[in-house]
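What follows is a set of notes on a single structure, which appears directly below.
The values are calculated or read from the model by the stated rules, or taken from the named source; none is laboratory data. Treat the numbers as computed from the prediction; the structure is a model and nothing was measured. As a convention, Cβ positions derive from the backbone with ideal geometry for all residues, glycine included, and neighbour counts pool all protein chains shown. Quick note on the areas: whole protein, heavy atoms, side chains included, nothing else; ligands and nucleic acids left out. Shrake-Rupley method; radii C 1.70, N 1.55, O 1.52, S 1.80 Å.
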Amino acid sequence: MTMIPTETGHAPARPRLPRALVPLANILGFLWRSPTSAFGLIVLGLLIAMALLGPVLAPYDPYAQDLQATLQAPSAAHWFGTDELGRDILSRLLFGAAITLRIIFLVTIVVGPIGMAVGTVAGYFGGRVDTVLMRVTDIFLSFPSLILSLAFVAALGPSLNNAIIAISLTAWPPIARLARAETLTFRKADYISAARLQGASPARIIWKSIVPMCLPSVVIRLTLNMATVILTAAGLGFLGLGAQPPMPEWGAMIATGRRYMIDSWWLVTFPGIAILLVSLAFNLLGDGLRDALDPKQMNRR
Amino acid sequence: MLRNPGWLSPLLRQAGTILVTLLGLLVLTFVIGRLMPVDPVRAIVGEEATREVYEHVYQQLGLDRPLWQQFLMYLRDVASLDFGTSLRTGQPVLQDILHVLPATIELATFAIVIGAGLGIPLGVIAAVKKDRWQDHAIRVFSLTGHSMPIFWTGMIGLLVFYAALGWVGGAGRMDQFYIGLVPDVTGFLLIDSALAGEWDVFRSAVNHLILPASLLGYSSSAYICRMTRSFMLDQIGQEYVTTARVKGLSERRTIWGHAFGNIRVQLVTIVALAYGALLEGAVLIETVFAWPGFGQYLTSVLRMGDMNALMTCVLLVGVIFIALNLISDLLYRVFDPRTR
């Protein structure tokens, strides 16, 4: 079982980098060489920088109204213009990056473990447990994610946190399916049988031997799903069911800007471009990751 | 033909699976309905009703009974196609939905034609020109379509093509002054106006349809294009393609005649699934374009807390999805000789 690299493993295979980080560095290197994936990496880097440094970089307070300067077109003072209450759109976009990042982070830490738990348990035990868990997964899969999220938000009440819960509730099934398929491939492997013969409990086998093996593909799948998550969150914000005003969430900004759209194009244009760029970045990155980690694709080259 | 049980049992198993999924769907909609922060009795009797009236309606709705009995009542109602009355319109929910559905089907059908018409050829080209500039350009083009927030693209489209250029009609299904001119026969405006011989209305309807349908189509073409590319790559890597090339068949006939013929079945499946996914985009684009269809109905009942209508809408979307999955499965069986 020493095959599984662990963080604590010393004696690194290559100098400088801990062993667990070598594959990661290789993947990043591969991604960097493809122009489209590199673009994705840059945009995500920018998003994180914006979220962290937003409060420092923002030229204005995102909530500060200036009724003397409403609906101003982009200018030197307000690069992206101002909205109907005179708030600086650039500052609001910068603060919105933190909200987007929060959605991504929270959905990931909820969806990953749930999907992983359902999938590995179904795959490991098989039989009736598998049937029941997969039926439940199928029911959730039989909805487009936005529609199901809409229904959940309707039940829970509109707010950013409820939107995150609703999205998480709809985003775990593909992860569960994937984790199950992975588990099935090495359920019969010798090292699992060995662990079982040593008297390890199912919980211990799943946690120690199966979960680490599923992790890489689950991470890729999560990355690929992030584009959908971002679009769903923005859609909920747009419909007034996600983040509530005056929060500078990008989808909600578009919703309020819609009323002034014909005369003040900048109100909807810039938040829309922000959403498009981030979701495109995740799609390009996911595409590149698939190429990076798919052995079939590697051989074709 | 004693092999009947052989092909019958997978069908039976599938029927069982569908039944279980449907039941699960009903549990889900029931739970969502119960969780909604709306008092169904208050919604019916109003704020000023006396205690007696409230109690009466409360019992009439069966809300005093245990949950499992309420669920059984719900099942019974659904089985007899009684989905309750919409609080917003006062009409039976089913009638409401049937009234708005044609507008969405019209939109989605046009969108899928555009999406498939764009996505399939692009996917084939991307596969043939793998790793060349054409492939990269198509990848960026299609992934952009997949990454656009559709409600935003709709607004930008309206700004550019309607407000600035005036090429297309604006919001709604037709120009204001045509509304009510054509009798509502099928609910599909294009068919109705053609039947009535009102070609001005027909033109106006096409004018209004073209922008939202193109945007929806573009967003769904991404998925179709990506899948077409990967199906084609699988085919191109196979030996019969090499053989065809070696024996001197033109590249065009090799690709379109041989390889493409073999992915048609898979494409049908993909297009059917993409059609279902359009419903999601329809919810958002209908809001932007004030399109009086299912998506707008869904968002309006959501805002009103119209429990019966919302539960039915969610149920309907689930059923449509299950049906599309089933249809694509059946088409697969019919068209692919290997599955017979």
In order over segment B:316-321: 3J(HN,Hα) from phi, Karplus 6.51/-1.76/1.60, θ = phi - 60°, whole Hz, x for each Gly or Pro, gives 4, 4, x, 5, 4, 5
In whole Hz, the Karplus estimates of ³J(HN,Hα) for segment B:50-67 (6.51, -1.76, 1.60; θ = phi - 60°; x where Gly or Pro) are 6, 4, 5, 4, 4, 4, 4, 5, 4, 6, 4, 6, x, 6, 7, 7, x, 4
If you count only protein heavy atoms and use a 1.4 Å probe, how large is the accessible surface of residue A:221, to the nearest 10 Å²?
90
Amide H neighbours of residue A:200 at under 5 Å, excluding residues fewer than 5 places away on the same chain, with H built from the backbone geometry, are none
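For the ranges B:60-71, A:278-289, what's the packing order if you count other beta-carbon atoms within 10 Å of each residue, average per peptide, and put the highest first? Working shown, then result.
Working: B:60-71: 12.4, A:278-289: 24.2.
Order by mean packing, descending: A:278-289, B:60-71.
Accessible area per residue of segment B:95-339 at 1.4 Å probe, in Å²? Before the final figure, lay out each step's value.
Values: 10580 Å² over 245 residues.
For segment B:95-339, the solvent-accessible area averages 43 Å² per residue.
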Residue A:201-residue B:15 pseudo-label distance in nm [points 7 Å out on the Cα-to-Cβ vector]:
4.4
Interchain or long-range residues, amide H under 5 Å from residue A:143's placed H:
none
Built amide H within the under 5 Å cut-off of residue B:91, gap 5+
B:86
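When you look at the Cβ of every residue in B:141-147, what mean number of other chain Cβ atoms sits within 10 Å?
Numbers: counts 0, 1, 10, 5, 1, 6, 14.
Partner-chain Cβ atoms within 10 Å, mean over residues of B:141-147: 5.
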SASA check, residue A:190, accessible area w/ 1.4 Å probe, all protein chains in place, rounded to nearest 10 Å², comes out at 130
Apply the Debye scattering formula to segment B:95-339, with a single equal point scatterer on each alpha-carbon and no solvent, then give log10 I(q)/I(0) at q = 0.08, 0.14 Å⁻¹.
-0.38, -0.99
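Report relative contact order for segment B:1-145 in percent, whole number only (criteria: Cα-Cα under 8 Å, sequence separation at least 6). If you can, show how the numbers build up before the last one.
Working: 40 pairs, mean separation 15.0, N = 145.
It comes to 10 percent, rounded to a whole number.
If I take every Cα pair under 8 Å that is 6 or more residues apart in chain A, average their sequence separation and divide by the length, what percent do I get for the relative contact order?
Details: 420 pairs, mean separation 66.8, N = 301.
Rounded, it is 22 percent for chain A.
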Rounded to whole Hz and in sequence order, give me ³J(HN,Hα) for segment A:91-106 from the Karplus expression 6.51 cos²θ - 1.76 cosθ + 1.60, θ = phi - 60°, writing x for Gly and Pro.
4, 5, 4, 4, 5, x, 4, 5, 5, 4, 4, 5, 4, 4, 5, 5
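Taking 1 over the mean of 1/r across every pair of different Cα atoms in the protein assembly as shown, what Kirkwood radius in Å do you get? List each step's numbers first, then the result.
Values: mean 1/r = 0.0367 Å⁻¹.
By the Kirkwood definition, the hydrodynamic radius is 27.3 Å.
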Projected onto the charge dipole of chain B (+1 at Lys/Arg Cβ, -1 at Asp/Glu Cβ, origin at the Cα centre), which of B:331, B:30, B:283 gives the Cα projection farthest towards the positive end?
B:331
Principal axis box of segment B:38-82, alpha-carbon based, largest edge first, Å:
34, 21, 17
Roughly how many whole Å is it from the C-alpha centroid of segment B:256-332 to that of segment A:63-101?
37
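What value in Å³ per residue do you get for the convex hull of the alpha-carbon atoms in chain A? Provide the component values of the computation, followed by the final result.
Numbers: hull volume 52.1 nm³, N = 301.
Given the Cα convex hull of chain A, per-residue volume reads 173 Å³.
Which whole number gives the average, over all residues in A:151-164, of C-beta atoms from other chains lying within 10 Å of the residue C-beta?
Numbers: counts 16, 5, 1, 17, 10, 4, 3, 2, 0, 0, 0, 0, 0, 0.
Whole-number average of other-chain Cβ neighbours for A:151-164 is 4.
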Let me confirm one metric for peptide A:272-284, namely the mean number of other chain beta-carbon atoms within 10 Å of its residues' beta-carbons.
4
